[in-house]
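Please read the structure below before turning to the comments.
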Amino acid sequence: MLTKEPELQGSGKTGGVMEFSTLLEKIKSYLPAEKIGVVEEAYKFASEKHQGQVRMSGEPFLEHPLQTAYILAELQFDASSLAAALLHDIPEDTGLPIAEIESRFGPEIAKLVDGTTKLAKVVQVGSGAVASATQAENLRKMLLAMAEDLRVVFIKLADRLHNMRTLRYLPRERQIAIAQETLEIYTPLAHRLGIWELKWQLEDLAFSYLQPKEYQHIAGLIDAKRAQREKFIDRAIELLKKEFERVGLVADISGRPKHIYSIYQKIQKYAAMGKYFDEIYDLFAMRVLVGSEAECYNTVGIIHSLWHPLPDTFDDYIGNPKPNGYHALHTAVMCLGTTPIEIQIMTREMYHVAEYGVAAHWRYKEGGKSDKIFEERVAWLRQLIEWHRELSGAEEFLESVKTDIFIDQVFVYTPKGEIKDLPKGATPLDFAYRVHTDLGHRCIGAKVNGKLVPFNYTLKNGDVVEVIAAKGPRAPSLDWLNTNLGYVRTSHSMTKIRQWFNKQTRAENIERGRQMLDKELRRMGIKTEREVLAGLFSYPTLDDFHAAVGNGSVTAHQIVLKLAAQEDKAEQITTVAPAKTVPSGVRVLGVGDLMTSIAQCCHPVPGDKIIGYVTRSRGVSVHRADCHNIINEDEKERLVPVEWGDNDLLYPVKIQVDAWDRVGLMRDVTIVVAEEKVNIASVNLANGNGQNITMFLTLEIKGLAQLSQILKRIDGVKGVLSASRVGTDAPKQNTGDTPLPSPGAGQSGK
């Protein structure tokens, strides 16, 4: 029969205050009698120390350590972990020294409590730069604690799961912040450790707070189809059992439900392909458990002889396990001739490891039979610690972990057949840097499966990658750090490249950075003080900032994004054709709702500093702050402060492209613009000297960040010499809507 879909509250143990007898009954089912005494002693001690304390829910505080310990007991953790879970809040909430816990419970439990307490002390979820740095430092400490004793993190995961189950008692702002951190950090960590049982519960709980309407919508869709799905699965299981009995195969068959967040991700993926909820075939799923690996492969053959397999749906995770150690065979078939269904085949031991991941290690620890598997599954931690030594800041470490550890992996081979795992989306350059830093620096080309490929080629599972390296020393290119070009995509590679540039002479980096900054600001038409930019990136001096730009630590694109964020934190704007009204893309400060329009003399876009001019007939005209007409305006009292609003709208901006004239030039430029999903409102050509040409394009864009991306891409088109934003137009005859320049400003005065 079909297993019941996961409930929001997980195991459902939060309906009332838990009695210790419930935990005791659970641990007696798998722990030897001589190990239970220390858990009982820890409970008595925790009960005494937390006496009189209550949670925000009104429950006794002891409920939290009890629930944390119960979650670990469901994963069949050892007695020391359970005792530490019961004691983990005592040092912080009662001020009891760790030394006293050590004298009473021994060094092993004291170390686990101390490690968990240190993690708790740095958890200060919020928003902004301070919260981001705190989260980064928290993650760094957590992952380093994993290297010393992995059980510390399991206690923390169980602690987080119970806190998520009771999150409704916190203010909405705290709910969102904690749920977001759970989805970004804790669920990927549970996935990387292979603990499905914790992963799906954390995901669903976080999703229910972050997107409650979507959560309820999907839950409703599932409930509406529940009876039909159960009937279908029961019939399919019965047919499969009869086939297994006929060939003499002993197997356990059950329905395998999808949890709500997983279905949400499927819906998003299918929507991008123009498909709907009813077309998600693996909402119907079965799990088949057999006795050996050989029987797993035999089972696939039996299933495929019974039902027609769907193309490209067979995955062998036994021969090629996932990075978190997951082993299984997956296939999808057209069941009963009408409905696609996914079937997962694994041994019973594989199933246990799939549910409990690395936690399964402590079940077998006494006998030591899973030690080899355990070591393979946490090998990535050794790599993580090595990176920790190289990365200077906590936030850089957080970026590295999020991009290189907490995402899906691809497996590729060296020409000698050695397997290398890389983050999904990695390139041949990333592969070179993973093999050896020097190989990355000397890389001048790459072959994949015997064919030359560009540096931004995306590696796929099973690719054989050969790095073509210069024979002597060679310097990496600064272009490799340009995220728009996509030459490297892992933070590990980027760190190595930046380190190389940091070792070059400071004077060269300062001069290079100054030139790069001047070029980018000029190209974007941005006028701002360099010292202000240095402050935005927290560099104490302008030379330090120029050096950072020169060595690649700060990219031109990051500068544009930072400026856009400063000027338009919402960065959501308005669709506006020239001379049309902007409904709420701009707010006039200190005044009620006024009609606003974008000035045609300077075409401001979100991210630009702007100012309003009160016209005689069309409300407020919005100009760039450095517009000639604004600078030379006599009637300063007609200028009003304005800021970008929150609508998801578009703005016209004029750009100039200088290029060598050739057949297909215009086509190539317009293709680049189209690929960025940007509309071209108008195109004008200016005759050159017969060899070159100038194009003026008016684009409808969202803001500075998008403009920067388009200009960089146009710059890369063959034959293009430069692409830049056009400055403010010369002032035109005044109609009452545009301020007149003051006399003597070099204008006609008409």
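Were the residues from residue 170 through residue 658 laid out at 0.36 nm apart, the gain over their Cα-Cα distance would be 169.9 nm.
Remark: 318, 526, 155 ranked as 318, 526, 155, counting other beta-carbon atoms within 10 Å and listing the fewest first. Listed cross-link partners 26/213; 447/718; 231/424; 424/712; 199/451; 26/225 are compared with a 30 Å cut-off, the Cα-Cα value being larger for 26/213; 231/424; 199/451; 26/225. Annotation: peptides 623-630, 531-538, ranked by per-residue average of other Cβ atoms within 10 Å with the highest first, follow the order 623-630, 531-538.
When DSSP assigns beta bridges and you keep just the ones with both residues in segment 408-502, what percent turn out antiparallel, to the nearest 5? Bridges in segment 408-502 that DSSP calls antiparallel: roughly 95 percent. Overall dimensions of segment 651-725, expressed as equivalent-ellipsoid semi-axes from the Cα gyration tensor (√(5λ), whole Å, largest first), are 20, 12, 11. Each Lys or Arg adds one and each Asp or Glu takes one away; over the other residues whose Cβ falls under 12 Å from the Cβ of residue 694, this sums to -2. Against the empirical curve 2.2 N^0.38 Å, the C-alpha radius of gyration of segment 421-466 lands at a ratio of 1.02.
Taking only the alpha carbons of segment 408-502, we obtain Rg and Dmax values of 12.1, 35 Å in that order.
A full extension of the chain between residue 44 and residue 439 corresponds to an added length of 136.3 nm, given 0.36 nm per residue minus the alpha carbon distance.
Reported value for segment 506-554: 62 Å³ per residue, from the convex hull of its C-alpha atoms.
Cβ-to-Cβ counts within 10 Å put 173, 511, 203 in ascending order as 173, 511, 203, the fewest first.
Ordering 287-293, 233-239 by mean Cβ neighbour count within 10 Å, with the highest value first, yields 287-293, 233-239. For the peptides 78-86, 105-113, 502-510, the ranking by mean Cβ contacts within 10 Å, running from highest to lowest, is 78-86, 105-113, 502-510.
For residue 558 and residue 225, the difference between the fully extended length at 0.36 nm per residue and the C-alpha to C-alpha distance is 115.2 nm.
Laboratory data are not the source of any read-out in this text; all were calculated from the coordinates shown. Because the structure is predicted, anything quoted here is derived from the model rather than measured. Quick reminder, even Gly has a Cβ in these numbers, built from the backbone with ideal geometry, and neighbours come from all protein chains shown.
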